[in-house]
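Chemist: I am attaching a structure below and will ask some questions about it afterwards.
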Amino acid sequence: MHKVLLIEDDDIIGEMIRMYLTEENFLVLRAHNGQEGVLVLNEFEPELILLDLKLPDFEGTDLCNTLRKITTVPIIIISANSKVSEKIKAFTVGADDYLCKPFSMHEMKARILAVLRRLKQAPPAMKTVHALNHSEAPKSVIDVNIEKRILFVQGEATEITFSEFELIKLLFGNPEKVFRREDLINGLRGFDYFVNDRSIDVHITNLRRKIEKNPKEPRHIKTVRGVGYKFVL
């Protein structure tokens, strides 16, 4: 049974989602505002957060940013705002998917399961290459623990979003391979997962800030002009 934290102030929509997911064998805890959502997070320990963008006490993107600083749990934004700029903003502050209202409950369930599946499954080839003994401190400047979903930089665990981890896992697992943006989009996309060239660039920018000494002159995540990106050890 998957545990979902729903942060939604609209009683009608909130109860519809809660009832549907409960009938689909999810364990759902609904928080009516952002403060309540933050307070119950640690005790409930959800596997995924459904976050409404319009809340009485928080701007949704501000709350998403706050949640991302304290948890690596995947976050799916639900919003009536379908503007691409709003979606990009949400991804920039740590959202992993974006679902526009009105939406089908079946689509919502599919997106939840797609995100959870990506969380639990790593490509077998990459598991083989990187299933190393991480009981010892990582020796390389950058290292990725697939099983625990941890990015190490200079031996220190680094805060990272769900989508950023999926991206660095793909790049790190294939050093020197040049990935087209289309390849990276397909690597992140689930059931109609909203990701495009711009969001890939945003994720790359955020990753460079976290792993590069000088993000403006990256040593590890290189841009291949006219093509895409590659990772250099």
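The values are calculated or read from the model by the stated rules, or taken from the named source; none is laboratory data. Treat the numbers as computed from the prediction; the structure is a model and nothing was measured. Here the Cβ is made from the backbone with ideal geometry for all residues, glycine too, and neighbour counts use every protein chain on show.
Chemist: Mind checking which pairs have a first residue in the range 54-70 that is outside any helix (DSSP H, G or I) and a second that is aliphatic (A, V, I, L, M) and at pLDDT 85 or above, Cβ under 6 Å, 6 or more apart or different chains?
Modeler: Qualifying pairs under 6 Å: none.
Chemist: In the range 200-218, what residues are outside any helix (DSSP H, G or I) and either under 16 Å from F152 (Cβ atoms) or aromatic (F, W, Y) (or both)?
Modeler: Once the filter is applied, which keeps residues that are outside any helix (DSSP H, G or I) and either under 16 Å from F152 (Cβ atoms) or aromatic (F, W, Y) (or both), the range 200-218 yields E212, K213.
Chemist: Take I13 and tell me if it is on the phi < 0 side of the Ramachandran plot, part of a helix (DSSP H, G or I), in the same structural domain as M108 (by TED's automatic domain parsing) and of a type in the set (V, I, T).
Modeler: In short, yes.
Chemist: Specify the residue that is modelled with the lowest pLDDT; the eligible residues are those in the range 197-214 that are surrounded by 15 or more Cβ atoms within 10 Å (Cβ to Cβ) and not charged (D, E, K, R).
Modeler: S199
Chemist: For the structure I just gave you, tell me whether F58 is among the aromatic types (F, W, Y) and touching a helix residue (DSSP H, G or I) at 6+ places or on another chain (Cβ under 7 Å).
Modeler: For F58, the condition - among the aromatic types (F, W, Y) and touching a helix residue (DSSP H, G or I) at 6+ places or on another chain (Cβ under 7 Å) - is met.
Chemist: Examine the range 35-45 for a residue that is within 22 Å of R117 (Cα to Cα), touching a residue at least 40 places away in the same chain (Cβ under 8 Å) and in the same structural domain as I112 (by TED's automatic domain parsing), and state whether such a residue exists.
Modeler: yes
Chemist: Select the helices (runs of 4 or more DSSP H) contained entirely in the range 89-178, then report the ones holding at least 3 residues which are at pLDDT below 80.
Modeler: Output list reads 105-120, 124-130.
Chemist: Does K69 qualify as being surrounded by 16 or more Cβ atoms within 10 Å (Cβ to Cβ), at pLDDT below 90 and basic (K, R)? Even if it seems obvious, please write down each step before you answer.
Modeler: Details: surrounded by 16 or more Cβ atoms within 10 Å (Cβ to Cβ): no; at pLDDT below 90: yes; basic (K, R): yes.
So K69 does not fit the description; no.
Chemist: Let me ask something additional. Give me the residue from the range 20-32 that is assigned to a helix (DSSP H, G or I) and under 25 Å from the mean Cα position of the chain (by Cα) and, out of that set, surrounded by the most Cβ atoms within 10 Å (Cβ to Cβ). I'd like the intermediate steps shown before the answer.
Modeler: Applying the first criterion (assigned to a helix (DSSP H, G or I)) to the range 20-32 yields 20-23.
Now restrict to residues that are under 25 Å from the mean Cα position of the chain (by Cα): 20-22.
Working: Y20: 15, L21: 21, T22: 12.
The selected residue is L21.
Chemist: Which pairs do you get when a residue that is more than 16 Å from F179 (Cβ to Cβ) and of a type in the set (A, V, I, L, M), found in the range 198-220, comes within reach of a residue that is outside any helix (DSSP H, G or I) and modelled with pLDDT of 90 or more, reach meaning Cβ atoms under 8 angstrom, with the pair 6+ apart or on two chains?
Modeler: I211/H220; I211/I221
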